[in-house]
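The values are calculated or read from the model by the stated rules, or taken from the named source; none is laboratory data. Keep in mind it's a predicted model, so treat the numbers as computed, not measured. Note that each Cβ is placed from the backbone with ideal geometry, even for glycine, and that neighbours are counted across all protein chains shown. Accessible surface is based on the protein model in full, side chains and every heavy atom, while ligands, DNA and RNA are left aside. Shrake-Rupley method; radii C 1.70, N 1.55, O 1.52, S 1.80 Å.
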Amino acid sequence: MGTGESIFLTAAVFLADQSGKAASRTRWRRKNRRIGRPLAFATLCYSRNEGAFLNLGERKPRLICGISAALTILLTAVFVLTLGKAGKGLLKTGLSLLLGGAFSNTYDRLKHKMVTDYIRFDFGPSKFRRIVFNLGDFAIVLGALLIVLGS
């Protein structure tokens, strides 16, 4: 993956997630939208997350925001250092996905003082069905997996 493609993928993840978050705060806040009829696979909805994953640290949002910003800056430095290296396709793709999701969630924390989540799965154990995700979360997990596979 070249430099241009890496930057494009990072920006695409950021913009797609921010679009989903904007729709969540307006359209899906009023009425959830089910995906996968007749059997619902997932629901697009609105959820505020003032902490980190599973609302961890929700009582210390400033700390979570600071940690998020610091990790995003560190990840950006690693991303920039990796861009010029030949090969390392899985690593670059993973970093691009991870950084796109990190930028989106950190942006939300800085701008809105919380992260907007909007995808809830309608299958599995009841505890799992209560968790609400966003596209940035999926990009972060997939990116981390690709980084491990590419190392």
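Structural remarks
- Portion, in percent, of the accessible area of the chain that falls on carbon or sulfur, probe 1.4 Å: 67 percent
- Summed over the residues of the chain and divided among them, the accessible surface reaches 59 Å² per residue at a probe radius of 1.4 Å.
- Where only alpha carbons of region 79-151 are counted, the Rg and the Dmax (Å): 14.8, 46
- Look at the alpha carbon pairs under 8 Å that are at least 6 residues apart: their mean separation over the length of the chain gives a relative contact order of 33 percent.
- Restricting the calculation to Cα atoms, every distinct pair contributes to the Kirkwood radius of the chain, found to be 16.1 Å.
- Net charge dipole size for region 4-131 [Lys, Arg +1 and Asp, Glu -1 on Cβ; Debye, nearest 20]: 640 debye
- Between residue 141 and residue 31, the distance separating the two model label sites (each 7 Å from Cα on the Cα→Cβ line) works out to 2.9 nm.
- In summary, the lysines within cross-link reach of residue 113, defined as a Cα separation below 18 angstrom excluding same-chain residues under 8 places away, comprise 21, 60.
- Net charge of neighbours whose Cβ lies under 12 Å from the Cβ of residue 82, counting Lys and Arg as +1 and Asp and Glu as -1: +3
- Highest mean packing first, where packing is the average number of other Cβ atoms within 10 Å per residue, the peptides 94-104, 78-88, 6-16 line up as 94-104, 6-16, 78-88.
- Seen against the Cα atoms of the chain and their longest principal axis, helix 3-30 is set at about 10 degrees.
- Taking 124, 136, 57 as the candidate residues, the one with maximal mean-square fluctuation in a Gaussian network model of the chain, Cα springs under 10 Å, is 124.
- Relative to the longest principal axis of the Cα atoms of the chain, the long axis of helix 61-83 lies at roughly 40 degrees.
- Modelled FRET efficiency - R0 25 Å, residue 11 with residue 70, Cβ distances, 0.05 increments: 0.70
- Whole-number percent relative contact order across region 1-48, with pairs defined as alpha carbons under 8 Å at least 6 apart: 26 percent
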